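Any read-out appearing in this document is the output of simple, stated calculations on the displayed coordinates, not a laboratory observation. Worth saying up front: this structure is predicted, and the values here are computed from it rather than measured. Every residue, glycine as well, gets a Cβ built from its backbone with ideal geometry; the counts of neighbours run over all protein chains shown.
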């Protein structure tokens, strides 16, 4: 099992591009040909699909189709021993370039286009006799073990017939690969493969220890969802996109509420995010692709596993190669072969954010510190590990903790714990003018016996009426000398 850190790509229509540049190859193994094969006659032609594929072992000792059924126009093929008949239906318009390979010499003829399968079968015995609607499209009789088939400008719904002759007359395996062109075949004509997609089961760890769900992450906590490797991947059944390499794999869809419908794109809670990895690991901090990378921020999210048909490779599917079709999708071919696993709820707690400020506000000259508290969950429990006096050990979320009675140079060291057990600390040194009360007493006599300098009139002093007597001084209300 491979452990991968969280890697995220956002999903939207058109579905998420992924930068790869590997060669493109779709391999189709054709099935069951010998002298007694069921598709040795034209009316028994079998469907092929350049995605799903068939097993095909060519036999020997079969009839020579050119002499047994001479009314067909075989084009360049002058002899056709050990024949096998197939047909394909175009599903995506464009050129379809294919390569046929074996161990020894093989030949082919390709006819079409036909309006449908029934029309193609009805023309058995007269193939290639009506140019334009029933023509020899391509033909190959090279002495090598490789032939190249081409259908130019194929249109959706058209049917083409392929005759493969085992010229070498030895038992050998043949493969047909689509190696170019923008067209593709309709795989619905082939007996559908039962859907076997299953995301499997998982265990969850928090900070390296097994835990249960839901998972609550304080700042700095990590989690990992680990597959039990009992998932089943769907078939790689993607339309031809240029390189033939497809990679079904386990992936994760991200929601902000539990899924309510089977199709993620119809679910308003789906956050258009696909994480292509088997095991999911992340940390609740500023480097998290969820919090920062995708810009979702702290909150509760639901990770939903799905065995999708269009991943990036790796996991336990390395044999399928690395996907370079430029996308991620749980159901690229839209055949509905995917199952959403049970959502795993993970809460990324918002960090507790303490902000300290001086509190020297009269009339209560407390020489204190106010600590405004936000983030976390629920009420806070406060512990003072430093100087000063803590006013209250319990503070509501969004409230203020106050520490009083500091002297210059005193230190404060405050531990904060929220209702979920998440913690934060804040510390510092108190430095501010120390406010003290000053008492001013009235003068009963003036110095040097100079009573004329003593006034006892009612005056304003610091904004208040007073009948006290003062000696020389400056009254702040008017600046006169007494």
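Worth pointing out:
- Backbone N within region 149-165 under 20 Å of label point (7 Å from residue 79 Cα along the Cβ vector): 163-165
- Approximating the spin labels as points 7 Å out from Cα along Cα→Cβ, the residue 423-to-residue 357 distance works out to 2.8 nm.
- Sorting 260-266, 225-231 by average packing, meaning the other beta carbons within 10 Å per residue, from highest down gives 225-231, 260-266.
- Residue order, fewest to most surrounding Cβ atoms within 10 angstrom, among 206, 332: 206, 332
- Cβ crowding within 10 Å ranks 337, 187 as 337, 187, fewest other Cβ atoms first.
- Packing, taken as the mean count of other beta carbons within 10 Å per residue, orders the peptides 152-163, 207-218, 62-73 from highest to lowest as 152-163, 62-73, 207-218.
- Extension gain, residue 71 to residue 173: 0.36 nm times the residue separation minus the Cα-Cα distance gives 33.8 nm.
- Annotation: the residues 170, 109, sorted from fewest to most other C-beta atoms within 10 Å of their own C-beta, follow the order 170, 109.
- Take the Cβ atoms of residue 334 and residue 222, set R0 to 56 Å, and the FRET efficiency comes out at 0.95.
- Contour minus Cα-Cα distance for residue 408 and residue 229 (0.36 nm per residue): 58.2 nm
- Segment residue 261-residue 129, extension gain: residue separation times 0.36 nm, minus the distance between their alpha carbons: 42.2 nm
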